[in-house]
Amino acid sequence: MKTKQDGEDAMAEERFVEHARDGDIHILRIANPPVNTLRTGVRAGLHAGIAAALREGARAIILMGEGRMFSAGAEMTEFNKPRQPPSLPEVFEAIETSKVPVIAAIHGSALGGGLELALVCHARVASPTAMVGLPEVKRGFVPGAGGTQRLPRLIGGEAALKIIVGGDPVSAVEAQKLGFIDAVLEGPLEAAAVEWARQNSGRSFTLARKRDDNIKGADLASFDALAASLLKRTRGQESPKGCAQAVRAALTGSFEDGLNTEREIFQKLVAGEQSFALRHIFFGEREAARVPDMPAETHPLPVKRAVVIGGGTMGGGIAMSFANFGIPVTMVEQTQEALDRGLKKCEANWERTLKSGRLSEADYAKRRALLTGSTDMGVVAEADLVIEAVFEDINVKKEIFAKLDAIARPGVVLASNTSTLDIDAIASATKRPELVVGMHFFSPANVMKLLEIVRGKASSFEAIATAMDVGKRIGKVNVVVGNCDGFVGNRMTGKRGFQLERLLLEGALPADIDRAMETYGMAMGPCATGDLAGLDIGAAVRKARGTKAPIADALVAAGRYGQKTGKGWYMYDEKRTRLPDPEVERIIVEMSEQHQVKRRKIEDAEILERMLLPMVNEGARILEEGIASRAVDIDVIFCNGFGWPAWRGGPMFWADRMGLKAVRDRLAQYAEATNDPNLKPAALIEKLAAEGGSFAAMGAKRAA
């Protein structure tokens, strides 16, 4: 007798997995939009669907996904919660013990647990455009459902190691060449998969777990050398090491022992700080794509052609970003010489990628054909979006925007790539301030993922939506921010300058500061970053703001502008290797004497705090002012635009992990010790510390 609960459970299973039949071929379609994660209802539906298909005499069972993909894998919101049955291993056991072949038919993507589900099946077929991969390493853990054990058995240990440690997906065509996709099928996938199943249902399939031909007698020395090479690129991260360890277990023991090793590593890593941080950023990037007050009915304007004003480093990189993603773009410069220089720089960048093997001749030709150049501002009339990318001078930008306003068609968005200047002042030069926004790309713009979309007081939702849509189309991570000096990222990093100078006066050297930051995980320390950007640029910004940095200013006065002059905080050889410079140390020591500061040894932990706390404090003020909607938006900005390691979670995440009471107390301590008014704890930090709150909880409360 069926109970009411039995009926409800059956309805839940049917809701998440559709059971269809084409004669004696049964099809189970995962229907958990938008990405078909393997939540409890999906697992239950698959488990029940397989049992039903077997009861009904199926000749073969096809697993596939509804909508845009097969499956994106585990439902990460279920992590660290009690798991409801059936578990994924129970579903896998039902597949592997099936008396008829179970065939995964993959379209779109099969990622993480989604690919692990496919690897359990007797066979895998895919559409030509499908992508498959195990990206768990990018979430701070290892594949936890047998991926590190089954994939090596299908394609060998070293090939599997590259895929699992790298975390990037491969095409179905490449997967077939490697040996873990059985067939790539043209035409509508379901019909093609049904036909393939009919033709192959009588075959004898060997499950991945029972194969040893690709791992037997593996060269462990060669495997270990490859692992060491791959791990060099993942400095400080725990999950790549865990992936290598788990894959190695597939080569040295039984399948069951390997599964146990994989599971132990998974459970340790998924509960760790790095995985928590990586998932914080993963979900944060998706949250940042939502503008809290934007009406749901807002639609972006169509953009089929873009124009970029300026062919320098930023303008060229922005133009490449459009061409890279199939959008025709015209670069505009004042002179033919400047235009030729800008176009040649774009070509040189593409040619380097071509030589590295990461770009085909055909793709290079396609991208180059999409990029054109002109010295005639009149081409702006053909554009659906115009992005200005000239040097940082408010008067120059206002003059350009007045010209753009007169030439561009009505209704076209005009954007500025300014990194610090007032968007409202720029918009005031036009008769369409509602269509003016900031689109702040980060250098190199064709590589860096972050796009700060700056919202002026008159910027319409339609204009913001257009910038966001374009950013998504060209592969950027969008974060909408308010209008202020430096917006979010540059405003926050600008506040650490006083402490950097104080640390140097008190006893640190540039290499000490950079070492502390890079050991923490930053791509580059602040001194090395300054040399790369140009110390003269920072000096110009300080002059415009009426601020000073005595040591940095002394270096600029001595002609030390950074890498472009071969000397800045460091000396640089012909390969741009940074080397300590005794002359810089002499200048710093003299400054200490002039300011009557007794030098001392400063530990890395103190350096780190004094570099990060000023940014956190300013981040709190940015949240108070509404310049950023959520603390996680700030973390997303730093992880995608400022070289902050995603496995550290960002500055506001760092502060939450320290605890805001401790943050408040350390700020007050350093403010008094160094006479730095910027370190007076922000009102928001004082409030949250008193309440025992956190930035993350505040964001969750706002979202609710």
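What follows draws every value from the coordinates through simple rules; no lab data is involved. Source: prediction; values computed, not measured. Here the Cβ positions follow ideal geometry from the backbone for every residue, glycine too, while neighbour counts run over all protein chains shown.
What is the Cα centroid distance between the stretch 315-346 and the stretch 647-688, reported in whole angstrom?
43
Quote to one decimal, in nm, the extra length available between Lys344 and Lys366 on full extension: 0.36 nm per residue of separation minus the C-alpha distance between them. Mind showing how you got there, number by number?
Values: separation 22, 0.36 × 22 = 7.92 nm, distance 1.59 nm.
Working it through step by step, the gained length comes to 6.3 nm.
Net charge within 15 Å of Lys476 by Cβ-Cβ distance, Lys/Arg positive one each and Asp/Glu negative one each, not counting Lys476 itself?
Computed value for this residue: 0.
Compactness ratio of the stretch 106-170: Cα Rg over 2.2 N^0.38 Å, N = residue count?
1.01
For the chain, just run the numbers: alpha carbon Rg, then divide by 2.2 N^0.38 Å, N being how many residues it has.
Values: Rg = 28.1 Å, N = 704, 2.2 N^0.38 = 26.6 Å.
Cα Rg divided by the expected 2.2 N^0.38 Å: 1.06.
Going from the alpha-carbon gyration tensor of the stretch 290-388, what semi-axes, largest first and in whole Å, does one get by taking the root of 5 times each eigenvalue? Present the calculation step by step, with values, prior to reporting the outcome.
Working: eigenvalues 133, 73, 26 Å².
Equivalent ellipsoid of the stretch 290-388: 26, 19, 11 Å, largest first.
Hey, got the dipole for the chain? About the Cα centre, +1 on K and R Cβ, -1 on D and E Cβ, debye to the nearest 20?
The calculated dipole for the chain is roughly 260 debye.
Based on the mean of other beta carbon atoms within 10 Å per residue, what is the order of 96-102, 599-605, 562-568, 610-616, most packed first?
Result, highest mean first: 610-616, 562-568, 96-102, 599-605.
Lysines within cross-link reach of Lys162: Cα-Cα under 17 Å, excluding same-chain residues under 8 positions apart?
Lys138, Lys177, Lys232, Lys241
For Met439, what residues show an amide H to amide H distance below 5 Å, using hydrogens built from the backbone and excluding near sequence neighbours?
For Met439, whose amide H was placed from the backbone, the distant partners under 5 Å are Ser416, Asn417, Thr418, Val454.
What FRET efficiency do you get for Ala225 and Thr375 if R0 is 56 Å and r is their Cβ-Cβ distance, rounded to the nearest 0.05?
Numbers: r = 53 Å, r/R0 = 0.95.
E between Ala225 and Thr375, to the nearest 0.05, is 0.55.
Run a plain Debye calculation on the stretch 158-209 (Cα atoms as equal point scatterers, no solvent) and give log10 I(q)/I(0) at q = 0.25 Å⁻¹, rounded to two decimals, same order as the q list.
Normalising to I(0) and taking log10 leaves -1.06.
Using +1 at the C-beta of Lys and Arg and -1 at the C-beta of Asp and Glu, which of Asn32, Gln176, Thr97 has the Cα lying farthest in the positive direction of the dipole of the stretch 4-260?
Gln176
Stick to the Cα atoms of the stretch 369-471, pair each with every other, and give me the Kirkwood hydrodynamic radius in Å at one decimal.
13.8
What residues qualify as long-range amide H neighbours of Leu385, i.e. H under 5 Å apart, gap of 5 or more or another chain, H built at 1.01 Å from N?
Close amide H contacts, sequence-distant or interchain: Arg305, Val307.
Go through Leu385, Val142, Phe283 and say which Cα lies farthest out towards the positive end of the charge dipole of the chain; charges sit on Cβ, +1 for Lys and Arg, -1 for Asp and Glu.
Of Leu385, Val142, Phe283, it is Val142.
Provide the per-residue ³J(HN,Hα) series for the stretch 549-555, in order, calculated from phi with Karplus coefficients 6.51, -1.76, 1.60 and θ = phi - 60°, each as a whole number of Hz, with x at glycine and proline positions.
9, x, 6, 4, 5, 5, 5
Give the long-range amide H neighbours of Asp22: residues separated by 5 or more places, or on another chain, with amide H under 5 Å away, using H modelled in the peptide plane at 1.01 Å from N.
Those lying under 5 Å, H to H, from Asp22 are Ile27.
Residue by residue through the stretch 360-367, which ³J(HN,Hα) values in whole Hz follow from phi under the Karplus form 6.51 cos²θ - 1.76 cosθ + 1.60 (θ = phi - 60°), with glycine and proline marked x?
7, 4, 5, 5, 4, 4, 5, 5
Run the helix sum for the chain: -39,500 (n - 2.57) per DSSP H stretch of 4+ residues, divided by residue count, reported at 222 nm to the nearest 500 deg cm²/dmol.
Taken over the chain, the calculation gives -15500 deg cm²/dmol.
Whole-Å semi-axes of the stretch 4-260's equivalent ellipsoid, largest first, each the root of 5 times a Cα gyration tensor eigenvalue?
Ellipsoid half-lengths, sorted descending, are 30, 20, 17 Å.
Leaving out same-chain residues fewer than 8 places away, which lysines sit with a Cα under 30 Å from that of Lys598?
Within the straight-line cut-off, Lys598 pairs with Lys495, Lys543, Lys548, Lys567, Lys680.
With the dipole of the stretch 306-486 worked out from charges on the C-beta (+1 for Lys and Arg, -1 for Asp and Glu) around the Cα centre, which of Thr335, Ala362, Gly482 lies farthest toward the positive end?
Of Thr335, Ala362, Gly482, it is Ala362.
Using only Cα positions of the stretch 306-486, each an equal point scatterer, no hydration layer, compute I(q)/I(0) via Debye at q = 0.11, 0.13, 0.18, 0.19 Å⁻¹ and quote the log10 values to two decimals.
Taking Cα atoms of the stretch 306-486 as identical point scatterers yields -0.42, -0.59, -1.14, -1.26.
Regarding the stretch 508-599, what whole-number volume in Å³ per residue does the convex hull of its Cα atoms give?
105
Report, ordered by chain and residue number, the aspartates and glutamates lying within cross-link reach of Lys449, taken as a straight Cα distance under 17 Å and ignoring same-chain residues fewer than 8 apart.
In chain and number order, the partners are Asp168, Glu285, Glu287, Asp469, Asp633, Asp635.
Let's see if you can work this out: charge +1 on each Lys and Arg Cβ, -1 on each Asp and Glu Cβ, no other charges. What is the dipole magnitude of the stretch 306-486 about its Cα centre, in debye to the nearest 20?
Working: 21 positive and 22 negative charges, 112 e Å.
That gives a dipole near 540 debye.
Which value, in Å to one decimal place, does the Kirkwood hydrodynamic radius take for the stretch 179-246 when every pair of different Cα atoms is included?
15.9
Summarise the long-distance tail of P(r) for the stretch 520-568 by giving the % of C-alpha pairs beyond 17 Å.
Working: 371 of 1176 pairs.
Beyond 17 Å sits 32 percent of the P(r) for the stretch 520-568.
Short version: ³J(HN,Hα) in whole Hz for each residue of the stretch 391-403, in order, from phi by Karplus 6.51 cos²θ - 1.76 cosθ + 1.60 (θ = phi - 60°), x for Gly and Pro, what are they?
Calculated HN-Hα couplings, in order: 5, 6, 9, 4, 5, 5, 5, 5, 5, 5, 5, 5, 5 Hz.
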